[in-house]
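Contents: one structure, followed by commentary.
The values are calculated or read from the model by the stated rules, or taken from the named source; none is laboratory data. Owing to the predicted nature of the structure, the values given are computational and were not obtained by experimental measurement. Here the Cβ positions follow ideal geometry from the backbone for every residue, glycine too, while neighbour counts run over all protein chains shown. We work out accessible area using only protein heavy atoms, side chains counted, and drop any ligands, DNA or RNA first. Shrake-Rupley method; radii C 1.70, N 1.55, O 1.52, S 1.80 Å.
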Amino acid sequence: MSNPNRTVSVMPRRALLSRLGLACVATLGPVAAVAAPAATATTVAWPSQALKLVVPFAPGGGTDIVARALGQELARELGQPVVVENRPGGATVIGAQAVARSTDAHTVLLSGSSTFTVNPALRAQLPYRIGQDLLPVATVASAPLVLLVAASSPWRTLGDLLAEARRRPGQLNYATFGSGSAPHLAGALLGLAADVKLQDIPYKGSAPALAGLVGGELQLGIDTVAAAAPLIQAGRLRALAVLGSRRAAALPAVPSVAELKLPQAAFEAWYALAVPAKLPEGAPARLEQALRAALTRPALREQLQAQAMEPQFVDAASTRRRIEEETARYRALAHRAGVAAE
């Protein structure tokens, strides 16, 4: 039987990273002329050196892909190099805490919704406060999550997998990026919606989790389409369902959980930038302006779309409202599912 999932056409990650430069430094031309409101002298002087863009995941995952693509255009807009630094661990808490406590005015965080909504929903205490120690600047992209199995798995549909989970409660393992990460909550929501028990296993990031799935350490995986698509295309993974309200453009043959009558399992993943609260006056607004301009550039939009991501610009105020609304929703659902971060 042919595998419809293999019709996906996505630029391989290696090719993209080659285009972007493995040195993780994007140094392009002078600052682009972009209309901006009147700024203070402090704003004009920022940034005065290279930006360090902290990614709280291992290299190779969806967040890392966004960072490397975005860094190239941010360098053009800001007139300074952008260096990507991977700081994985602690379900993004390690990297986020490092940025929140940084006294370097040129340190910025790029992370997924795990940092901004899932961790605050599941953890009673965090070593930083979103909106006070870490200030959201803008949302830059969204990416659907997908439920995965190895290509050698006997399960070809979500129904097959759930039937097995009912026969073996708590024995089917799925990878997370740590307790309280987005895949952890997504798996719990799927279990709640389908009335099954799945066992979460923590990994340090997307790349090692996908390797564990391909290698047979796990039965299930939950990751972004962007991170998983090259392995799906290579025939090493099989996608069973998109964990959203609609199908992913890159996986047109894969049904969404909403189609499969499990709307409570829908989880929307997105990426945003945040800065320490101690940045110079006007610096967050300058970064927001640069992000808005960068996301209008066709080259960046095409790079993100080639990796099954949807580029978008959502300003700071709207991003903060989204964080508040999603955190409240996830906290309520996690309470129903009995999920809490360690």
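Kirkwood Rh, Cα Rg: Rg to Rh for the stretch 161-293?
Working: Rg = 17.5 Å, Rh = 16.5 Å.
Reported Rg/Rh (Cα atoms, Kirkwood Rh): 1.06.
Please give the per residue accessible area of the chain, computed with a probe of 1.4 Å over protein heavy atoms only, in Å².
41
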What residues qualify as long-range amide H neighbours of Gly244, i.e. H under 5 Å apart, gap of 5 or more or another chain, H built at 1.01 Å from N?
-> Val257, Ala258, Phe267
Given charges at Cβ of Lys, Arg, Asp, Glu: the stretch 58-149 dipole, positive-most of Ala91, Ala121, Pro136 | Ala121
Shape box of the chain [Cα atoms, principal axes, largest first, Å] = 66, 41, 29
In degrees, nearest 10, range 0 to 90: what is the angle between the Cα axis of helix 62-78 and the longest Cα principal axis of the chain?
-> 20
Rank Ala293, Ala253, Tyr174 by how far each Cα sits towards the positive end of the charge dipole of the chain (+1 on Lys, Arg Cβ; -1 on Asp, Glu Cβ) and give me just the farthest.
-> Ala253
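Going by a ≥ b ≥ c, the root eigenvalues of the Cα gyration tensor, does the stretch 239-342 fall in the rounded group (a/c under 1.5), the prolate group (a/b larger than b/c) or the oblate group? Let's see the in-between values first.
Values: a/c = 3.06, a/b = 1.30, b/c = 2.35.
It is oblate, given that a/c is not under 1.5 and a/b is not larger than b/c.
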Kirkwood Rh, Cα Rg: Rg to Rh for the stretch 34-152?
-> 1.01
Size of charge dipole - the stretch 190-240 - debye, nearest 20, with Cβ of Lys, Arg +1 and Asp, Glu -1, no other charges | 120
Taking the Cα centre of the stretch 239-312 as origin and charging only Cβ (+1 Lys, Arg; -1 Asp, Glu), how large is the dipole, in debye to the nearest 20?
-> 40
What residue among Pro56, Pro311, Pro280 shows peak mean-square fluctuation when the chain is described by a Gaussian network model with Cα springs under 10 Å?
-> Pro280
So how tilted is helix 158-167 from the main axis of the chain? Cα-based, degrees 0 to 90, rounded to 10.
-> 60
Dipole size in debye (nearest 20) for the stretch 116-204 around its Cα centre, Lys and Arg Cβ +1, Asp and Glu Cβ -1?
-> 140
Residue by residue through the stretch 282-296, the couplings from Karplus 6.51 cos²θ - 1.76 cosθ + 1.60 with θ = phi - 60°, in Hz, x for Gly and Pro, are x, 5, x, 5, 5, 5, 4, 4, 5, 5, 4, 5, 4, 7, 8
Taking H placed 1.01 Å from N in the peptide plane, check which residues at least 5 places from Ala141 or on another chain put their amide H under 5 Å from its amide H.
-> Tyr271, Gln312
